[in-house]
Amino acid sequence: MTLIGNFEKESEKNDNQQKQTTSLPSDASQWGYDLYPSRKSRSETAPSFIDYMKGKGKENFEKIKCERNVYKCIKDSPIVKLMMGALKASGCGIDIRRHISCEECAPTVSGGYDPIMNQVIICQNTARKEGIVQAVLTHEMIHMFDYCKNDLDFKNLEHLACTEIRAANLAHCSFMSALFAGDASLFYVKEAHQNCVKNKALSSVLSARNVSKEEAMIAINKVFSKCYSDLEPIGRRIRRNSMDMQKAYEEGYYYGYNL
């Protein structure tokens, strides 16, 4: 999902990757920031021995594990390497120390993209496995790519719906995931993937914006055909248990997307 705030396009500041603005919207819950408590305050105090005895401080270990998984994905995952290369080729190269942050989040989310800080958030308390971190990185880097290259205005509900459709389409839904989610059956294949994408996009839009389900679905349906057809920069829908990730990475070479 994406967070929304009072921000200017970073390209307008001619300093796309080094923006240090930290101001948040006055109503954080309206834009999704209430799901990411670390976004509200960066002030931390070291836990005491009593705190450790009570179970506090474990987030430090979770953060280390999360950062290790992020490094493994950036080093070994074809789809994450492809997204890194696509962002770099678009003039939005990633410094993992600056643009990826492992943080404590609400238990209902596993990651997010903060356009104010131009950062991908990995929820260290929910995205605990390397495979989940890979999925979150890919999903949120699609939002980052759209913000960088496609001039998205995340305050525009249709723009938000479009990038959530693209992220679900390219990084989340497959027939098997649709089947497990109840969006498909062995006798209902034709629209299974589209229904999965719509449901995932709807969930993300409702988490990021204080709008009704009806408003969100109107925006999703209005832009669905165009945004569902846009496969850039991956070039294909990734099927589970297939070679699609590796093929997409290899094909990225022809578009200058490989690192």
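Please treat every number below as a calculation from the coordinates, not as lab data. The structure presented is a predicted model; accordingly, all values stated were derived computationally and were not measured.
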Exercise. What are the ³J(HN,Hα) values, in whole Hz, obtained from phi via the Karplus relation 6.51 cos²θ - 1.76 cosθ + 1.60 with θ = phi - 60°, for each residue of region 195-211 in sequence order, with x given for Gly and Pro?
Worked result: 5, 4, 4, 4, 5, 5, 5, 4, 4, 5, 5, 5, 6, 8, 10, 8, 10
Problem set entry | Computed lengthening from Lys65 to Gln246, 0.36 nm per intervening residue step minus Cα-Cα distance | 62.6 nm
Exercise. Thr2's amide H: which non-local residues (gap 5+, or another chain) put their own amide H closer than 5 Å, with H modeled 1.01 Å from N in plane and none for Pro or chain starts?
Worked result: Tyr113
